[in-house]
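Undergrad: The structure that follows is given in the form of structure tokens.
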Amino acid sequence: MNTPTTTWKLNDSQFTLIDRAKLAWFVLSDNQWTQSKHTAEFECKMAQFVGSKYAVFVANGSLANTLIAMYLRDKHVAMQTGNTVVFPSTTWMTSISPFIREGFDEKFIDVNLENFSMDLNKLEQYLKKSAKHVACVFVTSLLGFNIDINNLLWLRDKYQVTVMIDNCENTLGISNGKNVSSFVTSTTSTYFGHQLQSVEGGFVFTNDPDEYEYFLMARCHGLVRGLPESLRQKHSNPDVDSRFDFSLLGNNFRNTDIHAFIGMLDLKRVNQYRAQREMFYNLFRSILNKRKVLDMFIMPNIITLNNDEKIYPFCIPIILKKHNPAMRDRLIKISHEMGVETRPICTGNIVRQTPFKNNYRSGAFDGAEHLHHNGFYIGLHGLLNKFQVEKFAETLVANMMPLKFGGQ
């Protein structure tokens, strides 16, 4: 049996021939391809785009999370703060593993089914009893949907805990009129499959100068010369050669000027990307609504009345409202037959994954369990077309109709 050709990918490149010519000219005319002036320029542009004071470009989003974990570990050793990092029960493995590798204990809080982020009511229940043990609450903007920033910051201030955000799937979202990565120390990814692309890449955004200096040195072996010249004296050691003056236990997490150059070309299309994601998501959702099956899915409305809250989904989630794994599997099969690429909702309930099975407790992660058994997602990008979206949505409708009216 022939495997259907994938015609609807999870993501696709909108890199133009002109972009390729510019990249070719860059390679031909510039001999400095490792981290240098283009990386610094990309960092300035991304900091400005996000609205944070500082941006640090690294090889990928996973390493951006690792820099945060390293910083928290060193801070914990110095200040003897809590040793627990709180995570949502549906997230990415690389949002968790850097912290555990640094010696932190994990605590999982269930997700809600409104924005797929950490359930903040359950988080508060935990913080009431255990805030003193918490080194960080590390939330995730899952699938590109915004977390409730106002309540998250309120909990941070009330319980005096450090809050950071993994926005690797949500580079574009706006809350309270600001980019979601601007409120607290956050990470994002510019991997090919995400909302902005540098082929491979990740960022840490921070407004804290001490964190910024740490991140710059830690991504470059721990070297003081990883800092701008104006900051080197502050960390220098007169007993060693300044060319190899290591201020902390770092690593090589650097990216390259080639990736930075590609990233800056892509950043120019950010408004186009936002419009495309919004258009195709709303078209898909409107068809389900018009055909009276939208109430059978969990598909958040992203239309807002003003620009203070803007959501640009990472994907189109196909999540059944009622528990029905067999129907989920049927819809995945149909998707593949139509050439539509699919993925599960990240890790599903992450406590079912092998490293965390000891955390599993029946009833403790109902939101994550629902995503685990009843959902998947498909791609959302600018190279889709209206016909594709309409055809797949109508096929989905046709398969849900018998279920809606009592059939199988």
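Undergrad: Could you grab me the full set of residues in the stretch 30-53 that are touching a Leu at 6+ places or on another chain (Cβ under 9 Å) and within 24 Å of Gly177 (Cβ to Cβ)?
TA: Step one: of the stretch 30-53, the residues touching a Leu at 6+ places or on another chain (Cβ under 9 Å) are 42, 45-46, 49.
Those that are touching a Leu at 6+ places or on another chain (Cβ under 9 Å) and within 24 Å of Gly177 (Cβ to Cβ): Lys45, Met46, Phe49.
Undergrad: Which residues, taken from the stretch 113-154, are under 14 Å from the mean Cα position of the chain (by Cα) and of a type in the set (S, T, N, Q)? Full working, then the answer.
TA: Going through the stretch 113-154, the residues under 14 Å from the mean Cα position of the chain (by Cα) turn out to be 115-118, 138-147.
Passing the criteria: Asn115, Ser117, Thr140, Ser141, Asn146.
Undergrad: Same structure, new question: Sort through Arg274, Arg291, Arg243 and tell me the only one that's more than 28 Å from the chain's Cα centre (by Cα), surrounded by fewer than 19 Cβ atoms within 10 Å (Cβ to Cβ) and outside the structural domain of Glu200 (by TED's automatic domain parsing).
TA: Values: Arg274 fails: more than 28 Å from the chain's Cα centre (by Cα); Arg243 fails: outside the structural domain of Glu200 (by TED's automatic domain parsing).
Checking each option against the conditions leaves just Arg291.
Undergrad: Could you tell me which of the residues Lys9, Lys37 is surrounded by 13 or more Cβ atoms within 10 Å (Cβ to Cβ), basic (Lys, Arg) and touching a residue at least 60 places away in the same chain (Cβ under 8 Å)?
TA: Exactly one residue qualifies, and that residue is Lys9.
Undergrad: Look through Ala326, Ala364 and report the one residue that is of a type in the set (A, V, I, L, M, F, W, C), in contact with a helix residue (DSSP H, G or I) (Cβ under 9 Å, 6 or more places away or on another chain) and farther than 23 Å from Tyr281 by Cβ.
TA: Only one candidate qualifies: Ala364.
Undergrad: Right, another one. Just to be sure, is Leu123 modelled with pLDDT of 95 or more and crowded, with 22+ Cβ neighbours inside 10 Å?
TA: Yes: the conditions hold for Leu123.
Undergrad: Against the definition (closer than 15 Å to Thr347 by Cβ, touching a residue at least 12 places away in the same chain (Cβ under 8 Å), touching a Ser or Thr at 6+ places or on another chain (Cβ under 7 Å) and surrounded by fewer than 23 Cβ atoms within 10 Å (Cβ to Cβ)), how does Thr94 come out, yes or no?
TA: In short, yes.
Undergrad: If you don't mind, another one. Just to verify a result, which residue in the stretch 280-302, among those that are in a helix (DSSP H, G or I) and in contact with a Lys or Arg (Cβ under 9 Å, 6 or more places away or on another chain), is nearest to Ile378 (Cα to Cα)?
TA: Applying the first criterion (in a helix (DSSP H, G or I)) to the stretch 280-302 yields 280-290, 294-296.
Still in the list and also in contact with a Lys or Arg (Cβ under 9 Å, 6 or more places away or on another chain): 280, 283, 294-296.
Details: Phe280: 12, Leu283: 14, Leu294: 17, Asp295: 19, Met296: 17 Å.
Residue satisfying both the conditions and the ranking: Phe280.
Undergrad: Of (1) crowded, with 17+ Cβ neighbours inside 10 Å; (2) part of a loop (DSSP other than H, G, I, E, B), His259 satisfies all except one. Which?
TA: Status for His259: all satisfied but (2).
Undergrad: Within the stretch 303-347, track down each residue that is surrounded by fewer than 13 Cβ atoms within 10 Å (Cβ to Cβ) and not charged (D, E, K, R). Let's see the steps before the verdict.
TA: Taking the stretch 303-347 as the starting set, the residues that turn out to be surrounded by fewer than 13 Cβ atoms within 10 Å (Cβ to Cβ) are 303-308, 322-323, 325-326, 329, 333, 337.
Once the filter is applied, which keeps residues that are surrounded by fewer than 13 Cβ atoms within 10 Å (Cβ to Cβ) and not charged (D, E, K, R), the stretch 303-347 yields Ile303, Thr304, Leu305, Asn306, Asn307, His323, Pro325, Ala326.
Undergrad: Do you know which residues across the stretch 338-363 are within 17 Å of Ile319 (Cα to Cα) and of a type in the set (Ser, Thr, Tyr)?
TA: Thr342, Thr347
Undergrad: Can you list residue pairs whose Cβ atoms sit under 8 Å apart, with the first residue in the stretch 295-315 being assigned by TED's automatic domain parsing to the domain that holds Ala275 and among the polar types (S, T, N, Q) and the second being at pLDDT 95 or above and in a helix (DSSP H, G or I)? Count only pairs 6 or more apart in sequence or on different chains.
TA: Pairs that qualify, where the first residue is assigned by TED's automatic domain parsing to the domain that holds Ala275 and among the polar types (S, T, N, Q) and the partner is at pLDDT 95 or above and in a helix (DSSP H, G or I), are Asn301/Arg285.
Undergrad: Look through Gly363, Gly339, Gly367 and report the one residue that is assigned by TED's automatic domain parsing to the domain that holds Met296, at pLDDT 95 or above and at positive phi. Can you show your working first?
TA: Values: Gly363 fails: at pLDDT 95 or above; Gly367 fails: at positive phi.
The conditions single out Gly339.
Undergrad: Take Val224 and decide whether it is in contact (Cβ under 8 Å) with a residue 60 or more places away in the chain and either closer than 20 Å to Gln48 by Cα or crowded, with 19+ Cβ neighbours inside 10 Å (or both).
TA: The answer is no for Val224.
Undergrad: Return the only residue of Phe392, Phe376 being assigned to a helix (DSSP H, G or I), under 26 Å from Gly193 (Cα atoms) and either assigned by TED's automatic domain parsing to the domain that holds Arg285 or at pLDDT below 95 (or both). Can you show your working first?
TA: Working: Phe376 fails: assigned to a helix (DSSP H, G or I).
Checking each option against the conditions leaves just Phe392.
Undergrad: Being without any contact (Cβ under 8 Å) to a residue 40 or more places away in the chain and touching a helix residue (DSSP H, G or I) at 6+ places or on another chain (Cβ under 7 Å), is that true of even one residue in the stretch 65-85?
TA: yes
Undergrad: How many residues are part of a helix (DSSP H, G or I) and more than 25 Å from Ser62 (Cβ to Cβ) if we restrict to the stretch 107-128?
TA: Final tally of qualifying residues: 8.
Undergrad: Checking Leu142 against (1) farther than 27 Å from Met70 by Cβ; (2) out of contact with any strand residue (DSSP E or B) (no Cβ under 6 Å at 6 or more places or on another chain), only one condition comes out false. Which one?
TA: (1)
The values are calculated or read from the model by the stated rules, or taken from the named source; none is laboratory data. Bear in mind the structure is a predicted one, so any value in this text is a computation, not a measurement. When we count neighbours, we look across all protein chains shown, and the Cβ atoms used for this are built from the backbone with ideal geometry, even at glycine.
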